[in-house]
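Taking it in order: structure first as structure tokens, then the write-up.
The values are calculated or read from the model by the stated rules, or taken from the named source; none is laboratory data. Keep in mind it's a predicted model, so treat the numbers as computed, not measured. Virtual Cβ from ideal backbone geometry, glycine too; neighbours counted across all protein chains shown. Calculation scope for accessible area: heavy atoms of the full protein, side chains included, ligands and nucleic acids excluded. Shrake-Rupley method; radii C 1.70, N 1.55, O 1.52, S 1.80 Å.
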Amino acid sequence: MGFYLELIRNVFQAVDARGKLRHRVVAFTSATSQEGVSEVVDMIAKELAAQTQKRVLRVEAAAFQNLYLADPKHIARHCEETEIENLLTLSVQQAPASFTAARGLRRAGDWESNPEYRSACLDALRWNFDYVLIDCPPQGASSDATTLGQLVDGVSLVVKAGQTRRGQIQRCQQMIEAAGGNFLGFILNQRQYPVPNWLYRRL
């Protein structure tokens, strides 16, 4: 738990030269599947809400593709409350899928084809929430993290201890940066042994 508190202080409570928060909207992804991204995002979101008492939103990246909104400003209406008063969620189950009236087929949302629409959705979330944490699928299975790279304040890579290879991690970082994303660093998940203080200072 202490690690997450340190992460909140160093990332989410960091301010720029004007005193404004630097990382209000952060995407989380991984190089491969089963790295524990969803669990990490859930834990950080709960701690962030508890520690800051600010409005926090936890988003499943796939939910964006199920939304087709005439006005992106209304995206916050699809967010759902949780047991924590100031923590809300936007998940695939909550996002209404769009259908064409004539054919009865699912219609691709503007999220996939319209950069301005994507930007407007993120702007609306920034307006309605103090912090937005986006849970993205692995880079090898989805381009969500790279698509969001230029729209969010930063992207963090969740790495499962003893599973992810160095080459996979480096390629994932390179893809994020090549897409114009601000790579914030790695989050080591499910570590089974203590990391000495001197090593933390080198990370």
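Residues checked against (1) under 21 Å from S143 (Cα atoms); (2) at pLDDT 95 or above:
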{"position": "A76", "(1), (2)": "no, no"}
{"position": "N86", "(1), (2)": "no, yes"}
{"position": "P96", "(1), (2)": "no, no"}
{"position": "F99", "(1), (2)": "no, no"}
{"position": "A108", "(1), (2)": "yes, no"}
{"position": "S113", "(1), (2)": "yes, no"}
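Is it true that E39 is closer than 18 Å to T89 by Cβ, within 18 Å of the chain's Cα centre (by Cα) and exposed (fewer than 15 other Cβ atoms within 10 Å of the Cβ)? Answer is yes for this residue.
Before we move on, is T164 among the hydroxyl-bearing types (S, T, Y), more than 16 Å from the chain's Cα centre (by Cα) and open to solvent by less than 40 Å² (accessible area, probe 1.4 Å)? Criteria met by T164.
Set side by side, the residues A31, A50 differ, and just one is touching a strand residue (DSSP E or B) at 6+ places or on another chain (Cβ under 8 Å) and either touching a residue at least 40 places away in the same chain (Cβ under 8 Å) or surrounded by fewer than 20 Cβ atoms within 10 Å (Cβ to Cβ) (or both), which is A31. Looking only at residues of the range 128-161 that are under 20 Å from F3 (Cα atoms) and small (G, A, S), we find that the one that is most open to solvent (accessible area, probe 1.4 Å) is A161.
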